[in-house]
Amino acid sequence: MKILLIGKGRMSIEFKKLYSNEIVDNFSSKEEFKDYDNLDGVIDFSYPELSISSASYCLKHHIPLVIGTTNLTDKQLQIIKDVSKKIPICVDSNFSLGILKLKKCIDSLSSCHFDKIIIREYHHVDKKDSPSGTALSLKKYLNKLFLNSIEIMSFRESNICGMHSIEFINKGESIILTHDAKSRSIFASGAYEALKILKNKNKGFFNFGEIING
């Protein structure tokens, strides 16, 4: 594929390690955008304002867009959803297949009652958003299945790539589900697969699970 990569943070660095031969260019500001022939799509791991520029660029060229940017406001997300009425866009805070499996494990507990549910998320000390986008996504998912008020605890330690644990607590026992990302390569490869699938769609707004699970 011929890919335009937006953002120059940790995720973009990881993506370039895996797919350097397929990256046409790498931008980190809206002033750098320029036209290219025969792009297959854009992958954006940047910041909210720049992701809006990416959406406008993809709309102009009618190409698919994958966004891994977190901290999008409701207004920004609505702008992206409006654009997705004309081109295919996938937005998610986590492009790990393991997180999708974690959600299936959560599903298996949905018929049970729990006194308390806690999400604990661990990331590197330089991560800007807290709680993480993945933790907020998991909380939203849990709220659809359980009546509990979900607590999130955030920890920033050394160079942890990303670990999310969900503890389901009752008196005298608990169940803990954990996803531990050992490398950012899993997120980069997930975003790449998402773009490959988006290429075959005309338009629409999707999350990673919807793309992978069809």
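Data overview
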item	result
Fraction of accessible area attributable to carbon and sulfur, the chain (%, probe 1.4 Å)	49
Accessible area (Å², per residue) of the stretch 54-162, counting only protein heavy atoms and a probe of 1.4 Å	50
Size of charge dipole - the stretch 1-54 - debye, nearest 20, with Cβ of Lys, Arg +1 and Asp, Glu -1, no other charges	260
Förster-model FRET efficiency, 22 Å R0, Lys127 and Lys86, C-beta, rounded to 0.05	0.10
Selection from Asn26, Leu5, Gly68, by position along the positive dipole direction of the stretch 4-79 (Cβ)	Gly68
Entries in Lys81/Lys201; Lys60/Lys81; Lys34/Lys127; Lys116/Lys140 that, when Cα-Cα distance is taken, lie over 18 Å	Lys34/Lys127
Top of Glu31, Glu173, Glu157 by mean-square fluctuation, Gaussian network on the chain, Cα under 10 Å	Glu173
Environment charge of Lys199, counting only residues whose C-beta is closer than 15 Å and scoring Lys/Arg +1, Asp/Glu -1	+1
Over the chain, relative contact order from alpha-carbon pairs under 8 Å, at least 6 apart, %	23
Kirkwood hydrodynamic radius of the stretch 61-127, from inverse mean 1/r over distinct Cα pairs, in Å	15.2
Acute angle (nearest 10 degrees) that the helix 10-19 long axis makes with the longest principal axis of the chain, alpha-carbon atoms	60
Given charges at beta-carbon only (K, R positive; D, E negative), |dipole| of the chain in Debye	300
Residue with peak Gaussian network fluctuation, the chain [Cα springs, cutoff 10 Å], from Ser185, Ser154, Ser111	Ser111
Choice from Ile176, Ile43, Ile197 with maximal GNM fluctuation in the chain (Cα, 10 Å cutoff)	Ile176
Computed lengthening from Glu22 to Arg156, 0.36 nm per intervening residue step minus Cα-Cα distance	44.9 nm
C-alpha long axis of helix 74-83 to longest principal axis of the chain, angle in °	50
FRET E, pair Lys144, Lys34, Förster distance 41 Å, beta-carbon r, rounded to 0.05	0.45
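The values are calculated or read from the model by the stated rules, or taken from the named source; none is laboratory data. A quick note: this is a predicted structure, and the numbers were derived from the prediction, not measured. Don't worry about glycine lacking a Cβ; one is built from the backbone with ideal geometry, like all the others, and counts go over all protein chains shown. Surface accessibility is based on the protein's heavy atoms, side chains included, excluding ligands, DNA and RNA. Shrake-Rupley method; radii C 1.70, N 1.55, O 1.52, S 1.80 Å.
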